[in-house]
Amino acid sequence: MWSDSTLRTRASLSTLAVVASLLFENFLIWVVSATYRPGIDGSPEPLQDNGRWALEALARALVSAMPGWGSGTKRTKMDRDRLDDNVKKALQRLRRGLNVQWALVAGFAASLVCLELKLGRYQDEMGGDCDLYYHYHPYYLQPQQQRLQHRLSTHPQPTKQPQPQPQPPSFTLTTTTLPPTQPTPYRQPRTLAGLALRSLLTLSSARLIRTLSFTLTVLPSQIPRCYPRRFPHPPPTDWPAWLKIGFLPNSRGGCNDLILSGHATVTSTLACALTSVAGNGTLSRAVWTLVAVDYAIEALEGLHYSVDMWLGCVVTCLLWVLTR
C-alpha cells in the first residue's frame, strides 16, 4: 500500500504520524513527571554534566577577556558572581538576537518555495549537483517503462543478417552515442512533497525515539522545583483527570523529558532540509555553526543536559540519511 501510494498521499500520512507521535509524547511527559516522586516532593540533585562545565569555563574565559574584566585581576566571590550573571545575560541576549529557530523555519519555507517554482540548482536524491531543466524535462518525468519503450523504438536492437553457407553469419551492430552533457535518465526529481515527506518521516521517527528514551530512563531535572511550576501539585488520583492533563497540550514543556532533546530534533530536521536543498558548502557550514551555538547556549542555561542536545542532533541527522 505504501509503495503504491502517491507522494502527496505519503506526505499526508506522515503528517498524521507526526501529530499522533506528538500527542503520545505529550501524554507520556505528564506520566513521567507525575510519577517521579523526588521531583514532586522537592528538587533532586541534577546529574554531573561535564559538557556544561566545559562550556561555562569557555564562556567565563571569553567574558574575562572583555574590557573591565582583565584576566590578571584578582577577584572576590562577589566579583565571580557578577561575572556569572554577566555571562548568563550576555548569552541570553545573543540567543535572542540570533533567533536560530525562526531563521531555520524561514529557510525551510524558502526551500519549499524554490522546489515548487523550480528555481536555481540543487542536489538530487543521490547527492549530485543537477540542473533543474534535466530533472523536469518531460522525457525524464515519464515512467521507466515508457522511457525504455521510447529508446527501443528510436534505437532498435542489433539484428542478425542471414548469410548463405558455408560463409559464417555476419551481424550488423547499430550503436548510439549520447551527448556527454546529458545526465542519466533515471534520476528522480526533487519536489516540495518529497522534501516535506522526508522531513516529516525524520521528525516523527526522532520524536518516537525521544519518547521511548525518556520513558525508559528518568533523569532528574536541572530546574529547581520544576514540577510545581508546570503541573498540578499534588498529582490527581483519578484517571479522568490524568487523561485530561496528559492530552492537554503543554507549551511550557515537561520536567523529566530530557533525553533526547525535543528542541534538537526539530531544529536539526529543519537544518538538514535546508542544507540538502541549498547544496552550498558555505551556507551549510554557517547553518550548522548557528545550530551548534544555539545548542551550547541551551545547555549553559540549564534547560537541558549537554548529552540531550548532542544525541538529539546526531540521531536526527542519522535518521535523515536513512530516509533518503
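A short reminder: the numbers here are calculations on the coordinates, not readings from a lab. Since this is a predicted model, take the numbers as computed values, not measurements. Don't worry about glycine lacking a Cβ; one is built from the backbone with ideal geometry, like all the others, and counts go over all protein chains shown.
Net charge within 14 Å of R10 by Cβ-Cβ distance, Lys/Arg positive one each and Asp/Glu negative one each, not counting R10 itself?
On the way: positive: R8, R198; negative: D4.
Computed value for this residue: +1.
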Estimated vicinal HN-Hα couplings, Hz - segment 29-35 in sequence order (Karplus 6.51, -1.76, 1.60; Gly, Pro = x): 4, 5, 4, 5, 5, 7, 9
Efficiency of FRET between L62 and K89 - r from beta-carbon atoms, R0 22 angstrom, step 0.05: 0.95
Simple label model, 7 Å out from Cα along Cβ direction - L47 to S284, nm: 3.2
Virtual paramagnetic centre 7 Å along Cα→Cβ of L7, amide N under 11 Å, in segment 99-115: 115
